[in-house]
Amino acid sequence: MKTNIAAFPVLATAKSISVIMVSYMTGPALLEAITAVLADKSITEIIIVDNGNTDSMRKSLSDYVGGSDRVKLLQGHGNIGFGRGCNYGARQATGEYLFFLNPDAIVPEGTALRMANAGAGLTAPWVLGAMLRSPEGIEQRGGRRRELTPWRAFATFTGLSSFPGIKGFNMHGEPLPAGLTKLPTISGAAFMMSRASFDAIGGFDERYFLHVEDIDLCHRARLAGGDVAFLPSATVLHYGGTSKVRRQVIEREKLKGFIRYFWNYSDKIWAKALCVIAVPFMSVAIMGRAWVMAIKQAISGRPQA
């Protein structure tokens, strides 16, 4: 059940905010994302975790951010995964607030401070998600989500959730809340936590390599008695699909993440048995979707979010 809570205005007060950005073969959007962060003077610093980019992009990164006292560029560690990369960046951060931002997400000036002000009114350990919009201005999938269950995962990836009465995992097609709203799950593409909240739940579970680690993070925050919330006024442009990695590879990691998540939080034998039974169905649904999206991308020439 969603619960509306009061919206928080941007206050003229200083807060220590660190942006943490994990990049892997991102492409030109990375420099645009960094430029937007540096244009916001309310952001104290940006930690760029380079999990792997082309030689030309790495040179561009070094040239672009070299000499800036607001940028920490972490390189040479290889592709350690998204969650582990976020944890690595968080260990280097000095901010009271940690703003995790995808490397293809463009954050408008004032958004970070607005989120920090809103988060200060939540129950710790809290997680606060932003509104994700496509370049066309449409709300993207994943910014606000229900509790993840095997049925909702299956309904979402097979398209059953498009039928009346069947609710999937994502909520982007539903009316937008007027203000700050508690939800079970938000997206890892653009979200904030206080340093104290992040440390209280131990950061990301590094057993997830890519995908579902954000869902797990939200789940553990709620298990610890904290709030997970969505702030519609914190709008972030998210390109999506900029990483030069085959869709099938990405979706395979997503499948592995779902299986781990359901197994971790199935506390009864029958629930674990149901998880095992569901694996082949989830595999067909998720990997089938990956091939369909890859074919559509090949035909259109555009990434499929």
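Would you check if Pro175 is without any contact (Cβ under 8 Å) to a residue 24 or more places away in the chain and over 19 Å from Gly52 (Cβ atoms)?
When the stated conditions are applied, Pro175 passes them.
Which residues, counting only those in segment 50-69, are touching a residue at least 24 places away in the same chain (Cβ under 8 Å), within 15 Å of Met25 (Cβ to Cβ) and in contact with a strand residue (DSSP E or B) (Cβ under 8 Å, 6 or more places away or on another chain)?
Matches in segment 50-69: Asp50, Asn51, Gly52, Asn53, Leu61.
Given (1) part of a helix (DSSP H, G or I); (2) at positive phi, identify the lone condition not met by Gly137.
(1)
Going residue by residue through segment 164-186, is there one that turns out to be within 20 Å of Leu231 (Cβ to Cβ) and of a type in the set (Ser, Thr, Tyr)?
Yes, segment 164-186 contains at least one residue that is within 20 Å of Leu231 (Cβ to Cβ) and of a type in the set (Ser, Thr, Tyr).
When you scan segment 195-203, do you find a residue that is in contact (Cβ under 8 Å) with a residue 24 or more places away in the chain, among the aromatic types (Phe, Trp, Tyr), assigned by TED's automatic domain parsing to the domain that holds Arg84 and in a loop (DSSP other than H, G, I, E, B), even just one?
No, every residue in segment 195-203 fails to be in contact (Cβ under 8 Å) with a residue 24 or more places away in the chain, among the aromatic types (Phe, Trp, Tyr), assigned by TED's automatic domain parsing to the domain that holds Arg84 and in a loop (DSSP other than H, G, I, E, B).
Can you work out which of the residues in segment 260-276 that are crowded, with 19+ Cβ neighbours inside 10 Å and modelled with pLDDT of 80 or more is nearest to Ala105 (Cα to Cα)?
Taking the candidates together, the pick is Tyr261.
Can you tell me which residue among Leu122, Leu148, Leu128, Leu132 is part of a loop (DSSP other than H, G, I, E, B), at pLDDT 95 or above and within 22 Å of Asp227 (Cβ to Cβ)?
Of Leu122, Leu148, Leu128, Leu132, the one residue that is part of a loop (DSSP other than H, G, I, E, B), at pLDDT 95 or above and within 22 Å of Asp227 (Cβ to Cβ) is Leu122.
Can you name the number of the only condition in (1) among the hydrophobic types (A, V, I, L, M, F, W, C); (2) outside any helix (DSSP H, G or I); (3) in contact with a Gly (Cβ under 6 Å, 6 or more places away or on another chain) that Leu237 fails?
(3)
For segment 11-22, indicate whether the set of residues that are over 24 Å from Pro232 (Cα atoms) and either modelled with pLDDT of 95 or more or not aliphatic (A, V, I, L, M) (or both) is non-empty.
No, there is no match, as no residue in segment 11-22 is over 24 Å from Pro232 (Cα atoms) and either modelled with pLDDT of 95 or more or not aliphatic (A, V, I, L, M) (or both).
The values are calculated or read from the model by the stated rules, or taken from the named source; none is laboratory data. Worth saying up front: this structure is predicted, and the values here are computed from it rather than measured. Don't worry about glycine lacking a Cβ; one is built from the backbone with ideal geometry, like all the others, and counts go over all protein chains shown.
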